[in-house]
Amino acid sequence: MEIKKKNTNIRCSVTQCKHNMLSENYCGLDCICVGTHEQNPTVPECTNCDSFVKRSSTQG
């Protein structure tokens with residue numbers, strides 16, 4: 001079992017990500033990579049957490 005420590009510098013509410021702490025809205029990674037799917041992003045919806053990894057159905 002992977003032991004994660006919450007990173008209080010990275011808030012995250014995406015519980016579908018395996019790096020999310022579940023019990024709290026924090027990420028367990030030391031750092032994340034933020035990217036975009038737009039050539040000229042202008043609003044937050046244009047950005048993505050490129051560190052996202054889908055949580056398997058057995059994790060939780």
Checklist entry - Looking at (1) surrounded by 10 or more Cβ atoms within 10 Å (Cβ to Cβ); (2) out of contact with any strand residue (DSSP E or B) (no Cβ under 8 Å at 6 or more places or on another chain); (3) hydrophobic (A, V, I, L, M, F, W, C), which is the only condition residue 43 fails? => result (1)
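Listed here are the residues, each with its yes/no results for (1) of a type in the set (Lys, Arg); (2) surrounded by 16 or more Cβ atoms within 10 Å (Cβ to Cβ); (3) assigned to a loop (DSSP other than H, G, I, E, B); (4) touching a Lys or Arg at 6+ places or on another chain (Cβ under 9 Å).
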site	(1), (2), (3), (4)
10	no, yes, no, no
15	no, no, yes, yes
24	no, no, yes, yes
29	no, yes, yes, yes
35	no, no, no, no
39	no, no, yes, no
48	no, no, no, no
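Residue-wise test of (1) at pLDDT 95 or above; (2) among the β-branched types (Val, Ile, Thr); (3) within 12 Å of the chain's Cα centre (by Cα).
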| residue | (1), (2), (3) |
| --- | --- |
| 6 | no, no, yes |
| 16 | yes, no, yes |
| 20 | yes, no, yes |
| 26 | yes, no, yes |
| 29 | yes, no, yes |
| 34 | yes, yes, yes |
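The values are calculated or read from the model by the stated rules, or taken from the named source; none is laboratory data. As the structure is a prediction and not an experimental result, all values here were calculated from the model. Backbone-built Cβ (ideal geometry, glycine too); neighbour counts: all protein chains shown.
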